[in-house]
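The values are calculated or read from the model by the stated rules, or taken from the named source; none is laboratory data. Worth saying up front: this structure is predicted, and the values here are computed from it rather than measured. No Cβ is skipped: glycine too gets one built from the backbone with ideal geometry, and neighbour counts run over all protein chains shown. All accessible areas refer to the heavy atoms of the entire protein, side chains included, with ligands and DNA or RNA removed. Shrake-Rupley method; radii C 1.70, N 1.55, O 1.52, S 1.80 Å.
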Amino acid sequence: MSCRIFVFGGFGPPDKMKADFVCMDEYSGWNNSVHVFDTETNKWSELITQGRRPCPRAAHAGTTYRNKGYVFGGRLQDRRMNDLHCLDLEMGTWSGQIDAVGVQPQGRSWHSLSMASSDFLFLYGGLNTEYEILGDGWVFNIPTCEWIRVIADPPCVPTRMWHTSCSSGDGKVYVFGGSSTSVFAHEETSFHGKHMLIFQCCVSSLSRLCIDFVVHHPDLLQDFISDLPAVLRKQIEARLSSS
């Protein structure tokens, strides 16, 4: 899977896609196609999917983990959706809308979705149907299909849309850039986020917690670092040299 890049949906001309298309006018509209770029052959192809695929949309967010791709929200016409879908990247089969339990995030576009760990997705920010920029954060528990709100409304955290995010694999998600003012508000000034936001979305592994403790208390454990296995020792030394 590492040699393929998947692109879902978007807004643009109808072209000759085999997917659904909702027109805004005679020149453009929303689609739900899946295109794949092969990094070895440098060629694009359209993936013909099976199952209940999401409706056409743009300004949605997606992330992948192993052979699964997840898509949340996005805009279709005047609607900003809050549905979550999963695509099996090997079989090309959509799950249909995942039936989540509990309180769910409101519909949004221009947000981010990250894989915080093998069991958790992290959703942050975006723009809602009332053109309000959001600063709420949500974790989706994949095994239980449950949304959990982990960040309250601002001013606890900044509002952001158009930002980018990535995860470190140890439960942390990093968010950078974006804007906290809307192009629809016709404001004379705009604010672009220059601070890195770091969210701890789930408990780190025992190994990571131990490494963090050693790095934060080097004076207590300095004499024992040389006795550690080489791989672990190099990780700690790298962390100590950059701190």
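Select from the range 205-243 the residues that are over 23 Å from S118 (Cα atoms) and either outside any helix (DSSP H, G or I) or touching a His at 6+ places or on another chain (Cβ under 8 Å) (or both) and list them in ascending order.
Listed by number, the residues that qualify are H217, S226, D227, L228, P229, S243.
Among the residues of the range 153-164, which ones are surrounded by fewer than 19 Cβ atoms within 10 Å (Cβ to Cβ) and modelled with pLDDT of 80 or more?
P158, T164
Out of the residues in the range 27-75 that are basic (K, R) and outside any strand (DSSP E or B), which is surrounded by the fewest Cβ atoms within 10 Å (Cβ to Cβ)?
Result: R66.
Restricting attention to the range 84-104, report how many residues are closer than 21 Å to T159 by Cα and buried (at least 17 other Cβ atoms within 10 Å of the Cβ).
So the answer is 0.
Kindly list, by first and then second residue, each pair from a residue in the range 11-25 that is under 17 Å from D78 (Cβ atoms) to a residue that is modelled with pLDDT under 85 and open to solvent by 90 Å² or more (accessible area, probe 1.4 Å), limited to pairs with Cβ atoms under 9 Å and residues at least 6 apart or on different chains.
Sorted first by the residue in the range 11-25, then by its partner, the list stays empty.
Any residue in the range 105-114 that is open to solvent by 40 Å² or more (accessible area, probe 1.4 Å), touching a strand residue (DSSP E or B) at 6+ places or on another chain (Cβ under 9 Å), assigned to a loop (DSSP other than H, G, I, E, B) and farther than 30 Å from C23 by Cβ?
No, every residue in the range 105-114 fails to be open to solvent by 40 Å² or more (accessible area, probe 1.4 Å), touching a strand residue (DSSP E or B) at 6+ places or on another chain (Cβ under 9 Å), assigned to a loop (DSSP other than H, G, I, E, B) and farther than 30 Å from C23 by Cβ.
Go through the range 165-184 and report how many residues are closer than 12 Å to I198 by Cα and surrounded by fewer than 17 Cβ atoms within 10 Å (Cβ to Cβ).
Result for the range 165-184: 4.
State all residues of the range 115-143 that are open to solvent by less than 70 Å² (accessible area, probe 1.4 Å), farther than 15 Å from C166 by Cβ and not in a strand (DSSP E or B); if no residue qualifies, say none.
Across the range 115-143, the qualifying residues are S118, D119, N128, T129, I142.
Condition test on G12, is it closer than 16 Å to G96 by Cβ and either under 24 Å from the mean Cα position of the chain (by Cα) or among the hydrophobic types (A, V, I, L, M, F, W, C) (or both)?
Spelling it out, it is not the case that G12 is closer than 16 Å to G96 by Cβ and either under 24 Å from the mean Cα position of the chain (by Cα) or among the hydrophobic types (A, V, I, L, M, F, W, C) (or both).
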